[in-house]
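Pasting in a structure now, in structure tokens, and then I'll have a few things to ask.
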Amino acid sequence: MPSALESPEGGEEDVLHYEEIEDGAVSPMDLSELLKEGTKESHDRAENTQFVKDFLKGRIKKELFKLATVALYFTYSALEEEMDHNKDNPVFAPLYFPVELHRREALAKDLKYFYGEEWKEKIQCSEATQQYVDRIHHVGQHEPELLVAHAYTRYMGDLSGGQVLKKVAQRALKLPSTEEGIKFYVFDNISNAQQFKQLYRARMNALDLDKNTKERIVEEANKAFRFNMQDGKELHLWEAPSPKSNRTEASEEKEEGTGRPCTPRPCEWQGDPEEEEGTGRPCTPRPCEWQGDPRMDPAVDDVLRGGVLVP
């Protein structure tokens, strides 16, 4: 197993450093591989939600970003509370990295930046986020082995595509270069993100879990993705497209500043989710599909075309 080395006396005590990590043989039955293969479809769906695609293109208003930060605050508060409760439980203890990973304090700083000193009185947990929070608490209290799934999908994603989102948000919202408002994406106590992810996966693979438990963890990871997508859908519906943003004729409309044609997309149905579409309920036309911008940061363009928002 790769090992983490503590800083020497007088050094930066809270920063985790790593020995050279060598890629060993990976078994298809390792938990990291089962999660990778078992959540591919969820990865693809999560990366292609309208909220994420708009975010990556820099089309996010500060108010919407603030609401997303609120949702993250409640989610990570629940997750880290349950992780703290299970820090000595052998089914989770090897993955307990509070100094390196915990995000609640960073999110509190972001909310203070956006809402001011009285931020706690100005935020509330949305319906979709509350469902996510309730599930995390249930898992932590009754099925703690499944916390692995929630920690994996959240933190490994934050250390991967989350770093791209950080750059997009900072540029699109004109946030300070001192990283106020995006502290959530800053992992000061991880010296090498790639090596840390390798360490984390090795720790996951070393957990003493039977086949059935591993399958349940993969199933729970897919649930975590669905909760996350529901959060994104709620945020997207919070901000209905304005009439000016609707696209009706692809041959005449082009995405602003790109000089490239765009493809209109079906309207988003607003009816009861339990009923079938086509029942006569009104729907809201959705913006056209972006076809690429040669001026965009290559890293962001790669996300849009290939997808790297994965653990």
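What tally of residues in the range 116-139 results from selecting those that are part of a helix (DSSP H, G or I), more than 20 Å from the chain's Cα centre (by Cα) and not basic (K, R)?
Initially, the range 116-139 is screened for residues part of a helix (DSSP H, G or I), giving 119-122, 127-139.
Right, trim to more than 20 Å from the chain's Cα centre (by Cα) and you get 119-122, 138.
From what's left, not basic (K, R): 119, 121, 138.
Number satisfying all stated conditions: 3.
So which pairs qualify, if the first residue must be in the range 62-84 and more than 15 Å from F227 (Cβ to Cβ), the second must be open to solvent by 10 Å² or more (accessible area, probe 1.4 Å) and of a type in the set (S, T, N, Q), the Cβ gap must be under 9 Å, and the two must be at least 6 apart or on different chains?
So the pair list comes out as L67/S126; V70/Q124; V70/S126.
How about the range 1-78: which helices (runs of 4 or more DSSP H) wholly inside it have at least 1 residues that are at pLDDT 95 or above and surrounded by 14 or more Cβ atoms within 10 Å (Cβ to Cβ)?
On the way: elements: 31-38, 40-47, 50-56.
Counting at least 1 such residues, we get 31-38.
Report, by residue number, each residue of the range 82-115 that is touching a helix residue (DSSP H, G or I) at 6+ places or on another chain (Cβ under 8 Å), part of a helix (DSSP H, G or I) and of a type in the set (A, V, I, L, M, F, W, C).
Those that are touching a helix residue (DSSP H, G or I) at 6+ places or on another chain (Cβ under 8 Å), part of a helix (DSSP H, G or I) and of a type in the set (A, V, I, L, M, F, W, C): M83, L95, L101, A106, L107, A108, L111, F114.
Do we have any residue at all in the range 92-101 that's under 30 Å from K174 (Cβ atoms) and modelled with pLDDT of 95 or more? Let's see the steps before the verdict.
Restricting attention to the range 92-101, the residues satisfying the condition of being under 30 Å from K174 (Cβ atoms) are 100-101.
Subset that is modelled with pLDDT of 95 or more: 100-101.
Yes, the conditions are met somewhere in the range 92-101.
So, of the residues in the range 86-114 that are without any contact (Cβ under 8 Å) to a residue 12 or more places away in the chain and acidic (D, E), which turns out to be surrounded by the fewest Cβ atoms within 10 Å (Cβ to Cβ)?
Taking the range 86-114 and keeping what is without any contact (Cβ under 8 Å) to a residue 12 or more places away in the chain, we get 87-88, 93, 105, 112.
Filter once more, so that each one left must be acidic (D, E): 88, 105.
Details: D88: 8, E105: 12.
Here the residue is D88.
Could I ask something else about it? Could you check the range 115-158 and list, in sequence order, the residues that are buried (at least 20 other Cβ atoms within 10 Å of the Cβ) and more than 30 Å from Q195 (Cα to Cα)?
Of everything in the range 115-158, just one residue is buried (at least 20 other Cβ atoms within 10 Å of the Cβ) and more than 30 Å from Q195 (Cα to Cα), namely T129.
List every residue pair whose Cβ atoms sit under 7 Å apart, with the two residues 6 or more apart in sequence or on different chains, where the first one lies in the range 148-177 and is without any contact (Cβ under 8 Å) to a residue 12 or more places away in the chain and within 20 Å of F65 (Cβ to Cβ) and the second, anywhere, is open to solvent by less than 30 Å² (accessible area, probe 1.4 Å) and assigned to a loop (DSSP other than H, G, I, E, B).
So the pair list comes out as L175/G181; L175/I182.
Could you list, in sequence order, the residues of the range 115-144 that are basic (K, R) and in contact (Cβ under 8 Å) with a residue 24 or more places away in the chain?
Filtering the range 115-144 down to residues basic (K, R) leaves 120, 122, 135.
Scanning the range 115-144 gives a single hit, R135.
I would also like to ask the following. Could you please tell me which pairs satisfy a Cβ distance under 9 Å, a separation of 6+ or placement on different chains, a first residue in the range 214-242 that is on the phi > 0 side of the Ramachandran plot and modelled with pLDDT under 95, and a second residue that is of a type in the set (S, T, N, Q) and part of a helix (DSSP H, G or I)?
none
So which residues in the range 174-222 are surrounded by fewer than 18 Cβ atoms within 10 Å (Cβ to Cβ), assigned to a helix (DSSP H, G or I) and among the charged types (D, E, K, R)?
Residues satisfying the conditions are K211, E215, R216, E219.
The values are calculated or read from the model by the stated rules, or taken from the named source; none is laboratory data. These numbers come from a predicted model, not from an experiment. Cβ sites come from the backbone with ideal geometry, for glycine too, and all protein chains shown count toward neighbours. Areas reflect the complete protein model, heavy atoms only, side chains present, ligands, DNA and RNA absent. Shrake-Rupley method; radii C 1.70, N 1.55, O 1.52, S 1.80 Å.
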